[in-house]
Amino acid sequence: GVALAGRAAVRVPAATLALGVLAIGFAGLSLIWLRDDGEAGRANVVFLFCIVWASDIGAYLLGRLVGGPKLAPVLSPSKTWAGAAGGLAAAVGAGLAVAAAFAPGSPMMAAAMAALLGIATQIGDIAESALKRRFGVKDSGALIPGHGGVLDRLDGLLAAAPVAAIVALAQGQGAPLWR
């Protein structure tokens, strides 16, 4: 295992670190590949980022305002069903707005794609929380004060970017994700 630097040393098996590097690398390559598609690439990356950001913000706000039953208490004790609904609604709203601004098309397709990417974002968020619980750390770093670390800003994107890239690959070059 490898000891990670930080406030307290945490032993992480080398295989786990290798999987993390692969996941981060795959997400990074997905973003590069998505962007490398001219105007559609630019629209797709903006669509993706806005959905991820809106999902995080909507989940946080509605989860804090409403509270309620926990979504996955063993994996991520602070996430609620209300937060998940708020994140999904915010993701769909952001997706519809970006789609309308870049390449108006079917609002139903834009909403469906935004929902898919919003769900992937929330899965990434829960997976990162579960990983932190597994290794007994509260934050994934201290680079951003007041936040859970850099991975807390990127966890949803790490899951949603490969999903967006797979959809874009299936649709073919030059097409917005919502077409």
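Observations on the model:
- Solvent-accessible surface of region 47-125, averaged per residue with a 1.4 angstrom probe and all protein chains in place: 48 square angstrom.
- Gain upon complete extension [TRP81, SER106; 0.36 nm per residue less C-alpha separation]: 6.2 nm
- Stretch gain in nm, segment ILE123-PHE49, where the contour uses 0.36 nm per residue and the Cα spacing is subtracted: 25.1 nm
- Relative contact order [Cα under 8 Å, 6+ residues apart], region 32-120, whole percent: 29
- Formal net charge of residues neighbouring GLN122 (Cβ-Cβ distance under 12 Å; K, R +1; D, E -1): -3
- Annotation: amide H-H contacts under 5 Å for LYS79 (H modelled 1.01 Å from N, sequence separation of 5 or more, or interchain): LEU71, ALA72.
The values are calculated or read from the model by the stated rules, or taken from the named source; none is laboratory data. If you're wondering where the values come from, they're calculated on a predicted model, not measured in any experiment. FYI the Cβ positions are ideal-geometry reconstructions off the backbone, even for glycines, and counts take in every protein chain you see. For accessibility, only protein heavy atoms count, side chains too; no ligands or nucleic acids. Shrake-Rupley method; radii C 1.70, N 1.55, O 1.52, S 1.80 Å.
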